[in-house]
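Report on the structure given below.
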Amino acid sequence: VLVVLSLGGCSSRARDMEQVSKEERIVIRFSHVVAESTPKGRAAKRFALLVNERTNGRVEVQVYPNSRLYKDGEEFKALLEGNVQLIAPATAKLTEWFPEWALFDLPFLFESYEEVHRAMDGEIGRRLSDLLLKRNMMALAMWDNGFKQVSANRPLLWPQDFASLTFRIMPSKVLEAQFAQLGAKTVAMPFNEVYSALESGMVDGAENPPSNMLTKKFYEVQSHLTISNHGYLGYVVLTNRQFWESLPEDIRKVLEDTLREVTQWEREIAAQENEKDLELIKKSGKIQVHYLTEEQKKAWKEALQPVYRQMEEFIGKDLIEMARKL
Ligand code: LMR
């Protein structure tokens, strides 16, 4: 029997249910928007494989990559309605409901993956995760992609090079403010629409780590890429709280242990993947790659500094201060 556990799966006849559920297969649908060969895509597949092995097939994790099942903006609703049980959106995509999560979008906040992990795994991560419970969502893990680079059809070396260009962003006030501070406009749109928006010239540029730029071929429709590491892109693996709590305890433990292990692995491969993918982008010969000089980087940091004050109230001053001390 194939049963998709959905919201409200626990009836009053809990004992009977447990009896039944011991024999039932549990299908967990995991939807995400990126390619299978990205760090997130690979981790989702690895999680599915390990869970299948470790539960002897009782739990089947079905992974739907590339916005095949749901795109940005649809995923949350699908999760809350029980049509999908796991999603792993970029943190920026939570900020419409949970502004505090925009912390991760602040330009030049993190210098290294280690700092990011201290935020994710410490008090900051706990506080941010607790907020989600109010809306019946539960953060199970936090995954890396990496540091964002920025592309356009002109070299972006100094802050003034952004003037009057339009950039695609994820929906986040911080990202809007970041580009506004550089004199650029922004359009928020789902990830699956970025390639055609760049190709048609609807937007002039975009930001993402190399793994997303390579796998979605953004480098084919942009002529200049700046290695700026100006911001960080990471994910939160989310489930529906009610669904998660309705799982048999032994099953939930296997899932949580496996997720912990896969998280470790995902974080190990993410940095390497992005380095490798940047080399592949360079090798394509289709885009000119620029590295910022120290002086240019300093000018970017100075130009973007006001974003912190502008977003203080939105994100919360104390969170920003905690992150700055990491
Ligand atoms: C984007 O929308 O640019 C990224 O967040 C996509 C992703 O999930 O990595």
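The values are calculated or read from the model by the stated rules, or taken from the named source; none is laboratory data. In this text, all values refer to a predicted model and were calculated from it rather than measured experimentally. Here Cβ is always computed from backbone atoms with ideal geometry, including for glycine, and neighbour counts include all displayed protein chains.
A few notes on this one:
- The set of residues from the range 215-271 being over 30 Å from Ala299 (Cβ atoms), of a type outside the set (D, E, K, R) and in contact with a His (Cβ under 9 Å, 6 or more places away or on another chain) comprises just one member, Tyr235.
- Filtered residues of the range 180-201 (kept if in contact with a Gly (Cβ under 9 Å, 6 or more places away or on another chain) and either of a type in the set (Val, Ile, Thr) or over 20 Å from Trp97 (Cα atoms) (or both)): Ala184, Leu198
- Hits in the range 177-193 (condition: assigned to a helix (DSSP H, G or I) and surrounded by fewer than 21 Cβ atoms within 10 Å (Cβ to Cβ)): Ala180, Gln181, Asn192, Glu193
- Options Glu220, Glu261; residue that is among the charged types (D, E, K, R), touching a Lys or Arg at 6+ places or on another chain (Cβ under 8 Å) and either away from the ligand (no atom under 13 Å from the Cβ) or not in a helix (DSSP H, G or I) (or both): Glu220
- Only a single item in (1) more than 16 Å from the ligand (Cβ to nearest atom); (2) part of a strand (DSSP E or B) is not met by Ala206, and it is number (1).
- Apart from one condition, Phe167 fits all of (1) without any contact (Cβ under 8 Å) to a residue 40 or more places away in the chain; (2) of a type in the set (Phe, Trp, Tyr); (3) within 12 Å of the ligand (Cβ to nearest atom); the exception is (1).
- The set of residues in the range 61-89 that are among the hydrophobic types (A, V, I, L, M, F, W, C) and either in contact with a Lys or Arg (Cβ under 9 Å, 6 or more places away or on another chain) or more than 16 Å from the ligand (Cβ to nearest atom) (or both) comprises Val61, Val63, Leu69, Phe76, Ala78, Leu80, Val84, Leu86, Ala88.
- Every pair of residues 6+ apart whose Cβ atoms lie under 6 Å, when the first sits in the range 263-275 and is buried (at least 20 other Cβ atoms within 10 Å of the Cβ) while the second is of a type in the set (Asp, Glu): Arg267/Asp144; Ala270/Asp144
- Residue check for Leu128: surrounded by 21 or more Cβ atoms within 10 Å (Cβ to Cβ) and over 30 Å from Met202 (Cα atoms): yes
- Selected residue [crowded, with 23+ Cβ neighbours inside 10 Å and out of contact with any strand residue (DSSP E or B) (no Cβ under 9 Å at 6 or more places or on another chain)] from Leu214, Leu225, Leu255: Leu214
- Considering each residue of the range 50-64 in turn, none proves to be part of a loop (DSSP other than H, G, I, E, B), among the hydrophobic types (A, V, I, L, M, F, W, C), surrounded by 16 or more Cβ atoms within 10 Å (Cβ to Cβ) and at pLDDT 95 or above.
- Some residue of the range 113-125 being touching a Leu at 6+ places or on another chain (Cβ under 6 Å) and within 16 Å of the ligand (Cβ to nearest atom): no
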